[in-house]
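Down below is the structure, laid out as C-alpha cells.
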Amino acid sequence: MRPVIYQLFVRHFSNDNTGGIPWGSKEENGCGTFNGINDAALQALADMGVTHVWLTGVLRHATQTDYSAYGLPANPACVVKGRAGSPYAVTDYFDLDPDLAENPAERRAEFEALLRRCRRRGLTPMMDFIPNHVSRSYASRIRPEYSFGATDDTRSFFSYNNSFYYLSPHDSDCEMQLPDGVFDPERGCGRVTGNNAATWTPAAHDWYETVKLNYGCDYTHGPHAAAALPGIGAREEAVPRTWLLMDAVLAWWQEMGVGGFRCDMAHMVPPAFWRWAIARARLRDENTLFLAEAYNDYMSLCGGDVHRELLAAGFNGIYDSPAYDTLRGIIGGTRWANDLDRHDHSESQNFYHGVRYLENHDEQRLPKWNGQSAPYAALCAAQFAATAGPVLVYNGQEVGEAAEGAGGYGGDNGRTSIFDYTSLPRLQHWRNGGACDGAAMTAEERSLRDFTAAFLPLLQHPALANGTFYGLNWANRATVGFGREADDSIGGHRLFAFLRHARKARATVLVLCNLSETEDYATALHIPLHAQEWAGKKPVPAKEFSFVNLLHPEGAPLCATSEQLASTGLPLTIPAGESLVLEWN
C-alpha cells in the first residue's frame with residue numbers, strides 16, 4: 001500500500017477553542033489533546049484515504065507553561081521559542097507533552113489509548129524522531145539512566161563517547177548569551193547549537209534553544225569523519241554512547257505501539273548510525289516506516305547524494321524538496337509546468353521513495369504561496385499522482401487553512417505557528433466541536449475537503465500506486481490551447497499532462513493538471529503512438545479507447561481512436577485550477 005500520511009499536529013488539530021490572541025496562554029487560547037482525536041476524527045481520516053497518522057509534537061519539550069504540580073516547572077524563557085515552545089526542542093525523549101493530556105498525570109495512558117484508536121481504524125500511528133539535537137534544558141525524568149552528557153569530557157570540543165560538542169575556552173566568565181538572555185546552566189561550559197553554530201552568542205536565526213548531539217564523529221570534518229564509524233552489525237560496546245541512547249528511544253516508542261517515525265533533519269546524522277539503528281528497529285517490527293526530512297545542504301554528513309545514502313541506510317522515503325520548490329516556482333513565479341517532467345522519471349530513486357508534500361509545519365500554507373490563491377486540485381494531482389512515493393498531507397490543508405494573522409513567535413509568516421497555543425479555524429468548522437461531520441464548513445471548505453476525500457484514495461489505484469511515468473508535455477508544445485500564456489510561442493506553461501501505467505495490472509491513468517489560477521483551457525491532448533505502445537495499448541488506427549474520469553465516474557467517458565490520439569488529439573476542456581484523472585480503458 002502506498003503510504004498516505006496525515007501530519008496531525010496534536011496541539012492544533014483538536015483545539016476547539018475559537019478566537020485567541022497572539023502569544024496567548026494555554027488558558028486563553030486552548031490546546032488540543034490526545035483524547036480530542038476521537039474515533040469520529042480518525043474514521044474520517046481513514047475514509048479520506050489516509051494510511052498513516054503522524055502525531056506531531058507529542059514529545060515533552062521546552063515550554064513556558066508551568067507544570068510544577070507534576071514535577072515539571074517551566075523552562076527558562078531564553079531557551080523557549082514562543083509560549084508553548086518548539087516541539088523540536090525535546091526535554092525528555094521518553095516523556096510526553098503534558099499540554100496534550102486532559103489529566104497530565106495520565107498522559108501516557110491517554111497517548112496509548114490514542115494509539116489503539118488509530119490501529120482500530122486501520123491507521124498506523126507515527127511520531128517524530130528528532131536525532132540531531134535536544135533542548136538546552138534536556139533532562140529525562142522517565143529514564144534518567146539515559147540522560148545525555150552525564151559522562152562527557154566537557155573540556156573537549158569532540159570526543160567519541162561525548163553526547164555534545166563543547167565550546168572553548170572553559171572559563172567561569174564565559175556566558176552562553178542567547179538572544180533572549182543568558183542561559184546560566186552553561187556558564188563556562190557552552191555547547192554547539194542544533195544548527196552547528198559553535199559560538200557563545202548564537203543569533204536569533206540559529207537554533208539557539210537546542211544543542212547538537214554527537215554521534216561519534218567531528219561534524220566539522222564533514223562526511224569524511226562519518227565514514228569511519230562502525231557498520232550495521234557492530235556490537236553495542238563498539239558504538240558511540242549516543243547510538244545506544246537513541247536506539248533505546250526508538251525501542252521505547254515501538255514497544256508502546258508507534259509504527260513509524262518521521263526523522264527530523266536526518267542528513268545531519270551519520271548514515272552509519274541510520275543503518276545500524278533502522279536495522280535494529282526492524283528486528284523489533286519489520287513494518288516500521290522511516291521517513292527522512294533531509295536536504296542536500298552544507299550541514300549534511302551524508303556525502304554525495306543524500307537521498308541515495310539515506311535510502312541505502314533503510315529509509316522508506318526522503319523529502320522531495322526539489323519537486324516542491326518547482327511547484328512553488330510555477331505558482332506566481334517564472335517556472336513552467338514543463339519543468340515538472342524532470343522530477344518524475346521512473347528510473348529515479350525519488351520516483352518510488354521521494355516524499356511529496358504541498359504543506360508541512362515548516363512551509364507556508366497554500367493560500368499564502370506568493371500571495372496568491374493556489375490551484376489546490378491541480379497541485380494535488382501534479383505533486384501526488386506523478387510518482388509512486390509516500391504522500392504527506394498537513395492538517396488543515398484539506399479545508400484551505402490560511403494561517404491568517406500573527407500567532408506569536410513566528411509572526412504573520414503564512415505558517416501556523418508551531419511555537420504557540422493557536423488553533424485551525426477552518427478545520428474547526430469541519431471538526432464541529434468534535435463531531436467531525438463538517439456541519440459548520442463553508443461551501444469553499446466543503447469543496448476542498450470533498451475533492452481531497454475523492455482524490456487521496458485514487459493514489460492506491462494500481463497505476464498511481466506502482467505504475468511508471470510517461471510525460472506528455474513534450475508531445476504537446478505545439479498543441480493549440482495547451483497551457484500557453486498570451487505571449488508564449490510554445491505550450492506547457494500552465495498545463496501538465498502525463499500517463500501512469502502498471503504493466504502487471506494492465507492499468508493506465510491519464511492525468512491533466514491546470515496550474516493556472518484564472519484561465520480555463522480548451523485543447524486536444526496528443527498521445528503519440530509510442531506512448532500508446534508504452535501503455536500497452538495496441539495502436540490500431542480505427543480502435544476506439546475510452547477515458548473514464550475517476551473523480552466523477554458517473555459522467556460520460558471521453559472517447560477517441562488510436563489515430564485521433566496521435567494526430568488530432570483527445571478534445572477536452574479543463575477549468576482553472578482543476579485536474580482530470582482519467583482511467584484509460
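The values are calculated or read from the model by the stated rules, or taken from the named source; none is laboratory data. Here the structure is a predicted model, which means the values were calculated and not measured. Positions of Cβ are backbone-derived with ideal geometry, glycine not excepted, and every protein chain shown enters the neighbour counts. For accessibility, only protein heavy atoms count, side chains too; no ligands or nucleic acids. Shrake-Rupley method; radii C 1.70, N 1.55, O 1.52, S 1.80 Å.
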Going by the structure shown, is T334 among the hydroxyl-bearing types (S, T, Y), part of a loop (DSSP other than H, G, I, E, B) and open to solvent by 40 Å² or more (accessible area, probe 1.4 Å)? yes
Subset of the stretch 269-315 (residues that are more than 24 Å from H52 (Cβ to Cβ) and in a loop (DSSP other than H, G, I, E, B)): P270, N296, D297, Y298, M299, S300, L301, C302, G303, G304, D305
Could you give every pair whose Cβ atoms fall below 8 Å, whose first residue belongs to the stretch 260-278 and is without any contact (Cβ under 8 Å) to a residue 60 or more places away in the chain, and whose second residue is assigned to a helix (DSSP H, G or I) and of a type in the set (G, A, S), counting only separations of at least 6 or pairs across chains? P270/A226; P271/A226; P271/A312; A272/A226; W274/A266; R275/A312
Any residue in the stretch 343-364 that is open to solvent by less than 10 Å² (accessible area, probe 1.4 Å), more than 25 Å from W253 (Cβ to Cβ) and in a helix (DSSP H, G or I)? yes
The correct count of residues that are open to solvent by 10 Å² or more (accessible area, probe 1.4 Å), touching a Phe, Trp or Tyr at 6+ places or on another chain (Cβ under 8 Å) and more than 26 Å from I278 (Cα to Cα) in the stretch 312-329 is 1
Sole exception among (1) open to solvent by 10 Å² or more (accessible area, probe 1.4 Å); (2) at pLDDT 95 or above; (3) at positive phi; (4) not basic (K, R) for A109, by number: (3)
Of the conditions (1) of a type in the set (A, V, I, L, M); (2) in contact with a Ser or Thr (Cβ under 8 Å, 6 or more places away or on another chain); (3) open to solvent by 20 Å² or more (accessible area, probe 1.4 Å), the single one that A535 does not satisfy is (3)
Out of everything in the stretch 495-516 that is among the aliphatic types (A, V, I, L, M) and touching a residue at least 60 places away in the same chain (Cβ under 8 Å), what residue ends up being nearest to T479 (Cα to Cα)? L495
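Conditions tested, residue by residue: (1) of a type in the set (D, E); (2) open to solvent by less than 20 Å² (accessible area, probe 1.4 Å).
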position	(1), (2)
A374	no, no
A378	no, yes
N395	no, yes
D450	yes, no
Exactly one of (1) open to solvent by 10 Å² or more (accessible area, probe 1.4 Å); (2) outside any loop (DSSP other than H, G, I, E, B); (3) in contact (Cβ under 8 Å) with a residue 60 or more places away in the chain is unmet by Y409. Its number? (2)
The condition of being charged (D, E, K, R), surrounded by 19 or more Cβ atoms within 10 Å (Cβ to Cβ) and modelled with pLDDT of 95 or more holds, among D420, D437, only for D420
Tell me, yes or no, whether the stretch 516-529 has at least one residue that is out of contact with any Leu (no Cβ under 6 Å at 6 or more places or on another chain) and farther than 30 Å from I331 by Cα. yes
Residue list for the stretch 535-556, restricted to those being within 19 Å of H501 (Cα to Cα) and in contact with a strand residue (DSSP E or B) (Cβ under 8 Å, 6 or more places away or on another chain): A535, G536, K537, E544, F545, S546, F547, V548, N549, L550, L551
Filter result for N370 (in a helix (DSSP H, G or I), closer than 23 Å to D339 by Cα and polar (S, T, N, Q)): yes
Looking only at the stretch 17-32, how many residues end up being open to solvent by less than 20 Å² (accessible area, probe 1.4 Å), more than 22 Å from L114 (Cα to Cα) and assigned to a loop (DSSP other than H, G, I, E, B)? 2
Only one of these conditions is not met by G555: (1) part of a loop (DSSP other than H, G, I, E, B); (2) under 21 Å from F469 (Cβ atoms). Which number is it? (2)
Is there a residue in the stretch 574-581 that is under 23 Å from L459 (Cα atoms), under 38 Å from the mean Cα position of the chain (by Cα), of a type outside the set (A, V, I, L, M) and assigned to a strand (DSSP E or B)? yes
Name the residue that is farthest from E27 (Cα to Cα), counting only residues in the stretch 75-93 that are out of contact with any strand residue (DSSP E or B) (no Cβ under 8 Å at 6 or more places or on another chain) and not charged (D, E, K, R). V80
Apart from one, (1) closer than 13 Å to S135 by Cα; (2) open to solvent by 10 Å² or more (accessible area, probe 1.4 Å) all hold for N103; the odd one out is (1)
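Going through the stretch 236-263 one residue at a time, which ones are assigned to a loop (DSSP other than H, G, I, E, B) and either of a type in the set (F, W, Y) or open to solvent by 10 Å² or more (accessible area, probe 1.4 Å) (or both)?
Restricting attention to the stretch 236-263, the residues satisfying the condition of being assigned to a loop (DSSP other than H, G, I, E, B) are 239-240, 257-259.
Once the filter is applied, which keeps residues that are assigned to a loop (DSSP other than H, G, I, E, B) and either of a type in the set (F, W, Y) or open to solvent by 10 Å² or more (accessible area, probe 1.4 Å) (or both), the stretch 236-263 yields only G257.
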Please determine, by comparing only the residues of the stretch 461-509 that are touching a Lys or Arg at 6+ places or on another chain (Cβ under 8 Å) and either at positive phi or hydrophobic (A, V, I, L, M, F, W, C) (or both), which one is most open to solvent (accessible area, probe 1.4 Å). I490
